[in-house]
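Read through the structure below, which is laid out as structure tokens, and then see the notes.
The values are calculated or read from the model by the stated rules, or taken from the named source; none is laboratory data. Everything numeric here is computed off the predicted structure, so don't read it as measured data. Don't worry about glycine lacking a Cβ; one is built from the backbone with ideal geometry, like all the others, and counts go over all protein chains shown.
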Amino acid sequence: MKNGFRQSMAWLHTWTGLLLGWLLFAIFLTGTIAYFRSEVTWWMKPELHGSVVGADPVGLALDRLADLAPDAAVWSITLPDERNPALALSWTKPGEEARRGAPATVIDATTGAVLHPRETAGGEFLYRFHFELYGLPRALARWIVGIATMAMFVAIISGVITHKKIFKEFFTFRPGKGQRSWLDMHNMTAVLALPYHVMITFSGLVLFVATLMPLVVDRPAGRGPGQPAAVAGAPAPHELPQLTAVPPLMARAEAAWAMPVGRIQIGKLDTGQPEIVLIPQRNSTVAVQSGSGANGVERMRFDGLTGALIEETGRPEASVVAKVDMALGALHRARFADTGLRWLFFIAGLAGTVMVGSGMVLWVSKRAAKHAKSGVQPFGLRLVDRLNVGGIAGLVLATAGYFWANRLIPAGAADRAGLEILAFFLIWAVAAVHPFLRGPERAWSEQLGLSAALFLALPVLNALTGPSNLPLALWRGDLVLATVDLVALVSGVACLYAARKARPGRQPARRPARRAPVSRVPGE
């Protein structure tokens with residue numbers, strides 16, 4: 001600490017950010033996309049894009065279940081919503097144990113025809129990669145991500161301490177100034193979403209508490225309220241009872257929850273005394289458990305014949321500590337959030353991604369300026385310079401390639417999801433080697449330029465390989481499909497701009513005289 005507390009924090013900020021910077025960039029980027037993982041998965045199933053929700057999806061679903069599974073003990077209907085316009089059905093036969101995550105039968109929401117979407121890793125792969133990486137043992141991957149999250153938290157706190165004029169610098173951006181521009185970009189994106197950065201890293205640490213603090217004991221989760229138990233015994237044919245009208249029950253539940261019904265479960269069909277369980281679309285508050293599924297925790301259970309309310313399960317009671325823990329987990333996952341709030345989280349996540357990436361580039365830019373006069377760059381500087389290309393531009397390119405692989409791999413290919421993931425990592429691996437062959441300046445421009453081309457052409461690829469397209473989706477009000485195409489276009493424009501700025505010869509000449517004050521640069 002002989003250099004003073006602030007200088008020590010600057011050193012800590014620099015090296016915690018550098019050592020895990022590429023992993024943190026990947027965590028931020030994939031986690032940000034995961035806010036719209038349902039939308040990404042929908043885009044990656046073009047076989048569903050021709051389906052339009054009709055006037056009575058519940059009645060249609062019940063009719064199709066009566067045809068497809070007349071001997072079932074339990075029916076389950078997942079209703080279309082603003083994030084996933086699919087109408088999905090599943091059922092459990094008498095004597096079978098309900099399997100969580102079992103594939104559902106998707107039907108056309110207008111005609112009731114069974115649809116056969118392609119197998120895809122979808123947005124779930126990016127979501128899982130965000131906190132479990134891929135191909136590593138689950139426990140090891142969580143340890144790695146947990147340590148990286150702790151490093152990110154340390155970097156944020158030390159960065160705030162390091163910068164004396166951090167809020168003033170938020171309003172300062174000087175483009176075309178090389179190192180100064182990267183510093184301004186780093187500061188702006190850091191301060192722009194500073195509350196989000198603190199929340200997302202701290203809540204991430206709380207979610208990893210059982211991994212990082214193994215003495216913490218997790219209690220096994222029990223059966224959710226209103227979830228019917230499997231009926232013992234061998235399957236036997238039975239006559240379907242005449243169910244009461246479901247829409248009035250839905251109206252009652254939605255009025256009580258101020259939230260649309262997301263799922264309908266009809267159990268005990270083989271007993272002659274069916275029960276209808278209504279489940280909300282999502283939680284309306286953060287202080288409840290959000291890690292067990294996409295729907296909310298509240299339930300309403302009705303008599304399936306008379307419509308009488310049997311049980312209403314509210315939000316479970318919990319201690320203050322438990323509520324804080326659940327609130328932090330819900331804030332991190334954002335499953336309670338409506339579309340507008342998820343967009344806010346998405347923009348803040350992008351700011352965090354740019355903050356990490358610009359910090360890595362700033363590290364190289366600052367040290368390259370120091371060695372400019374000698375004309376000799378140390379091995380470590382040259383290594384980080386090239387790794388930056390693969391870790392930042394390469395990941396962006398791999399993400400764009402992942403979407404293309406979804407449409408170019410034949411729909412009936414065996415292990416399609418695995419092939420999509422393989423394409424993602426192969427592209428990333430080639431992008432990591434590329435700057436060692438072409439040099440970092442050319443590699444930045446070439447990888448960002450290729451990413452721009454892939455993103456800008458993605459709506460065209462969608463139109464050529466599916467039944468819908470961007471203009472049709474906008475006209476029909478299919479905002480899920482249109483949003484992915486529009487974000488691809490915006491991403492393509494951003495990559496094109498970055499590729500032009502990164503072209504060899506476009507970097508501003510460094511001025512040897514009048515050295516600019518850089519005392520505010522982390523690590524100085």
**Asked** Is there a residue in region 361-368 that is among the aromatic types (Phe, Trp, Tyr), assigned by TED's automatic domain parsing to the domain that holds Gly31 and surrounded by fewer than 18 Cβ atoms within 10 Å (Cβ to Cβ)?
**Response** no
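Let's see how each residue does on (1) in contact with a Gly (Cβ under 6 Å, 6 or more places away or on another chain); (2) part of a helix (DSSP H, G or I); (3) modelled with pLDDT of 95 or more; (4) among the acidic types (Asp, Glu):
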position	(1), (2), (3), (4)
Val364	no, yes, no, no
Ala369	no, yes, no, no
Gly375	no, no, no, no
Gly380	no, yes, no, no
Ala393	no, yes, yes, no
Ala398	no, yes, yes, no
Gly401	no, yes, yes, no
Ala405	no, yes, yes, no
Ala414	no, no, no, no
**Request:** Scan region 120-134 residue by residue and report those that are within 21 Å of Ile409 (Cα to Cα) and surrounded by fewer than 20 Cβ atoms within 10 Å (Cβ to Cβ).
**Result:** Glu124, Tyr134
**Complete:** Note on region 403-418: residues in contact (Cβ under 8 Å) with a residue 40 or more places away in the chain, in contact with an Asp or Glu (Cβ under 7 Å, 6 or more places away or on another chain) and surrounded by fewer than 23 Cβ atoms within 10 Å (Cβ to Cβ) are Arg416, Ala417
**Asked** Based on what the data block shows, is Trp343 in a helix (DSSP H, G or I) and surrounded by fewer than 19 Cβ atoms within 10 Å (Cβ to Cβ)?
**Response** yes
**Asked** Of the residues Leu24, Leu29, Leu87, which is crowded, with 19+ Cβ neighbours inside 10 Å, free of Cβ contacts under 8 Å to residues at least 40 places away in the same chain and under 27 Å from Arg342 (Cα atoms)?
**Response** Leu87
**Request:** Would you mind telling me which numbered condition in (1) polar (S, T, N, Q); (2) over 16 Å from Thr14 (Cα atoms); (3) at pLDDT 70 or above Thr172 fails?
**Result:** (3)
**Asked** For region 237-262, which residues satisfy the criterion of being over 30 Å from the mean Cα position of the chain (by Cα), assigned to a loop (DSSP other than H, G, I, E, B) and not hydrophobic (A, V, I, L, M, F, W, C)?
**Response** Pro237, His238, Glu239, Pro241, Gln242, Thr244
**Item:** Search result, residues across region 55-75 that are among the small types (Gly, Ala, Ser) and out of contact with any Asp or Glu (no Cβ under 9 Å at 6 or more places or on another chain)
**Value:** Ala55, Gly59, Ala61, Ala66, Ala69
**Message:** Yes or no: region 304-319 includes at least one residue that is buried (at least 19 other Cβ atoms within 10 Å of the Cβ) and touching a strand residue (DSSP E or B) at 6+ places or on another chain (Cβ under 8 Å).
**Reply:** yes
